[in-house]
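One structure is given below, encoded as structure tokens.
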Amino acid sequence: MLGLVLLLSCNDHAPDFDATGTFQTDEIVISSSVSGTIEQFDVEEGASVKQGELLGWIDSTQLHLRKKQLVAQIDAILSKRPQIATQLASYRVQLTNAERELQRMQNLFAAEAATQKQVEDARAHLAVIRRQMEAHRSSLDISSQALVSET
């Protein structure tokens, strides 16, 4: 029995490998800048790739359609912007006529053919048209800015 113990203790228990160590790798996470379904991805884990190499592609049809929809919505919103110059054109005509009427009344008053009240009425009418034009312009500017801020 003692011989068996000595025989077993003399047995060479060498491991099956000849070196030990730690393996280290650089792990790189690949992400897409767009969302969509991965249609092709031809890279196996552990494969070496070069910078800029095409690894696959993502179906971005939904993203493209969403972009087209947003562009159409922006165009629709901006098409509602008021045409300020067109809408104020009638005020400009009224303003020109009121200025001409005031000048005519002042000339008639100077020639003692019109009263002071007629001159004051013409002046007041001109002031009312100017205020109406300013108020309308302000309203149109606010509407236009609100529509632009929606986009």
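The values are calculated or read from the model by the stated rules, or taken from the named source; none is laboratory data. This one's a predicted model, so the numbers in the text were calculated from it and none came from an experiment. Because the Cβ atoms are built from the backbone with ideal geometry, glycine has one as well, and the counts that use them run over all protein chains shown. Side chains are part of the model used for accessible areas, which takes the heavy atoms of the whole protein and leaves out ligands, DNA and RNA. Shrake-Rupley method; radii C 1.70, N 1.55, O 1.52, S 1.80 Å.
For segment 84-151, run through the GluC sites (Glu not before Pro) and keep only the ones in DSSP coil with at most 16 other Cβ atoms within 10 Å of their Cβ.
On the way: sites: Glu99, Glu101, Glu112, Glu120, Glu134, Glu150; in loops: Glu112.
Sites meeting the loop and neighbour criteria: Glu112.
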Legend entry - Spatially proximal lysines relative to Lys68 (Cα-Cα < 25 Å; intrachain offsets below 8 disregarded): Lys80
Inset, instruction - Mind checking segment 23-71 for GluC sites (Glu not before Pro) that DSSP puts in a loop (not H, G, I, E or B) and that have at most 13 other Cβ atoms within 10 Å? - result: Glu27, Glu44, Glu45, Glu53
Inset, instruction - From largest accessible area down, sort Asp59, Asp26; use a 1.4 Å probe on the protein chains. - result: Asp26, Asp59
Inset, instruction - Quote the accessible area belonging to Met133 in square angstrom, nearest 10, computed with a 1.4 Å probe and with ligands, DNA and RNA left uncounted. - result: 20
Legend entry - Distance histogram for segment 19-151 (every C-alpha pair counted, 10 angstrom bins, percent rounded to whole numbers): 9, 18, 14, 12, 11, 9, 8, 7, 6, 3, 1, 0, 0
